[in-house]
Amino acid sequence: MSEIEVTDDAGLRTIRIARPEKKNALTRGMYGAMAAALRDAAGASTVRAVLITGGTECFTSGNDVGDFKARGDQAADVPSPAREFLAALRACPKPVVAAVAGYAVGIGTTLLLHCDVVYAAENAVFRMPFVDLGLCPEGGSSLLVPQRGGQLLANELLMLGDAFPPATALRAGIVNAVVPVDALMATAEGIARRLAAKPPAAMAVTKRLLRQSGEDALSAHMTEEFARFGALLRGPEAAEAVAAFQEKRKPDFTRFHAAAE
Ligand code: COA
């Protein structure tokens, strides 16, 4: 079975992340499949709304950590599949709803900043552990989280990188509402179907208007984030973090020093 399942039903396209044995960690192929499903949704007249979910146990543990290492070994100008997926998500003119349960780590949290309506189950656990991985925030999170949740909360979530509960995600402006686990899919699907039933041209214009203010600044900010993320990914701190994850040990960053910018 594919690790990204795409199903269409009465105008609603559901993109389901399905790699449970690895907590739905996202590989390059999975980003590619999600990007293709979103790009196709943009052009398909039969698709009126999109739902992104990992089901009721785990949304996604974020980028596959092994893939981070492979990416770090590649040349800087090789396009990043995660970046292409986020570009397809941001460009989707149709409403995108996310249903989040269990872990939403790294891009599992930051992709939500680009969805239109987000529901979290009470068992959701969010985390943006970029610094702990020797990386910096991506996906516009270092701009959007301070904008939505305030500077101090953003500092806490992005500098400490601790796991945080749905109530904090609500306070940070990452989710619309928190619902019981067994109500998650019905709630998210119900809203997605309501959005799908609305007049499509009016919906597309509304979505564009809601997003266009600040769009240029966000694009420029994301370009800088990705450049810095890529440089850090090829650096020694990320190499130590990935090795520690794979060896199931604590990373040791004591030998590193930050060069002054
Ligand atoms: N990349 C690759 N493999 C991952 C993964 C990831 N992001 N997240 C989980 N896995 C794998 C684990 O290595 C483990 O594989 P194994 O059974 O072959 O040993 C399996 O999925 C189950 O994960 P496990 O850690 O045992 O589950 P858990 O419930 O104890 O913890 C997490 C879940 C998500 C908290 C934990 O796996 C984790 O921290 N993952 C890394 C998250 C991360 O740093 N993502 C990148 C963000 S930028």
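The values are calculated or read from the model by the stated rules, or taken from the named source; none is laboratory data. As the structure is a prediction and not an experimental result, all values here were calculated from the model. Methodologically, a virtual Cβ is constructed for each residue, glycine included, from the backbone with ideal geometry; neighbour enumeration extends over all protein chains shown. Accessible surface areas use protein heavy atoms only, side chains included; no ligands, DNA or RNA. Shrake-Rupley method; radii C 1.70, N 1.55, O 1.52, S 1.80 Å.
Would you call D162 among the acidic types (D, E), surrounded by fewer than 15 Cβ atoms within 10 Å (Cβ to Cβ), at pLDDT 95 or above and assigned to a loop (DSSP other than H, G, I, E, B)? So that I can check it myself, show each step before the final result.
Numbers: among the acidic types (D, E): yes; surrounded by fewer than 15 Cβ atoms within 10 Å (Cβ to Cβ): yes; at pLDDT 95 or above: yes; assigned to a loop (DSSP other than H, G, I, E, B): yes.
Here the answer is yes, as D162 does meet what is asked.
Sort out which residues of region 28-65 are within 16 Å of the ligand (Cβ to nearest atom) and over 20 Å from G139 (Cβ atoms), and write them in order of number.
Filtering region 28-65 for residues within 16 Å of the ligand (Cβ to nearest atom) gives 28-31, 34, 54-65.
Once the filter is applied, which keeps residues that are within 16 Å of the ligand (Cβ to nearest atom) and over 20 Å from G139 (Cβ atoms), region 28-65 yields G55, T56, E57.
Working only within region 113-135, note down all residues that are within 21 Å of R48 (Cβ to Cβ) and either in contact (Cβ under 8 Å) with a residue 60 or more places away in the chain or within 12 Å of the ligand (Cβ to nearest atom) (or both). Let's see the steps before the verdict.
Applying the first criterion (within 21 Å of R48 (Cβ to Cβ)) to region 113-135 yields 114-119.
Hits for region 113-135 are C115, D116, V117, Y119.
Output the number of residues of region 42-66 satisfying the condition of being open to solvent by 10 Å² or more (accessible area, probe 1.4 Å), under 20 Å from K94 (Cα atoms) and among the hydroxyl-bearing types (S, T, Y).
Residues that pass the stated criteria total 2.
Filtering region 72-92 down to residues that are within 16 Å of the ligand (Cβ to nearest atom) and within 18 Å of the chain's Cα centre (by Cα), which residue is modelled with the lowest pLDDT?
S80
Do we have L218 as under 18 Å from the mean Cα position of the chain (by Cα) and open to solvent by 70 Å² or more (accessible area, probe 1.4 Å) here? Before you say what the answer is, go through the steps one by one.
Values: under 18 Å from the mean Cα position of the chain (by Cα): yes; open to solvent by 70 Å² or more (accessible area, probe 1.4 Å): no.
Judged against the criteria, L218 is not a match.
Within region 122-134, restricting attention to residues that are touching a strand residue (DSSP E or B) at 6+ places or on another chain (Cβ under 7 Å) and buried (at least 24 other Cβ atoms within 10 Å of the Cβ), which residue is nearest to R171 (Cα to Cα)?
F126
With respect to G108, is the statement that it is within 17 Å of R19 (Cα to Cα) and in a loop (DSSP other than H, G, I, E, B) true?
Taking the combined requirement at face value, the residue does not satisfy it.
Identify, by number, the condition in (1) on the phi > 0 side of the Ramachandran plot; (2) surrounded by 24 or more Cβ atoms within 10 Å (Cβ to Cβ) that G108 doesn't meet.
All conditions pass for G108, except number (1).
Quick check, is L232 open to solvent by 60 Å² or more (accessible area, probe 1.4 Å) and in a helix (DSSP H, G or I)? Show your work before the answer.
On the way: open to solvent by 60 Å² or more (accessible area, probe 1.4 Å): yes; in a helix (DSSP H, G or I): yes.
In short, yes.
What are the residue pairs meeting all of these: first residue in region 7-18, first residue more than 13 Å from M34 (Cβ to Cβ), second residue assigned to a loop (DSSP other than H, G, I, E, B), Cβ atoms under 8 Å, and 6 or more apart or on different chains?
The qualifying pairs are D8/T46; D8/V47; G11/T46; G11/V47; G11/R48; G11/A197; L12/V47; L12/R48.
Give A183, A192 a once-over and let me know the one that is in contact with a strand residue (DSSP E or B) (Cβ under 9 Å, 6 or more places away or on another chain), surrounded by fewer than 17 Cβ atoms within 10 Å (Cβ to Cβ) and in a helix (DSSP H, G or I). Quick ask: steps written out before the conclusion?
On the way: A192 fails: surrounded by fewer than 17 Cβ atoms within 10 Å (Cβ to Cβ).
Sole residue among the options that is in contact with a strand residue (DSSP E or B) (Cβ under 9 Å, 6 or more places away or on another chain), surrounded by fewer than 17 Cβ atoms within 10 Å (Cβ to Cβ) and in a helix (DSSP H, G or I): A183.
Any chance region 196-208 includes a residue that's touching a helix residue (DSSP H, G or I) at 6+ places or on another chain (Cβ under 8 Å), surrounded by 15 or more Cβ atoms within 10 Å (Cβ to Cβ) and within 30 Å of G55 (Cβ to Cβ)?
Yes: one or more hits.
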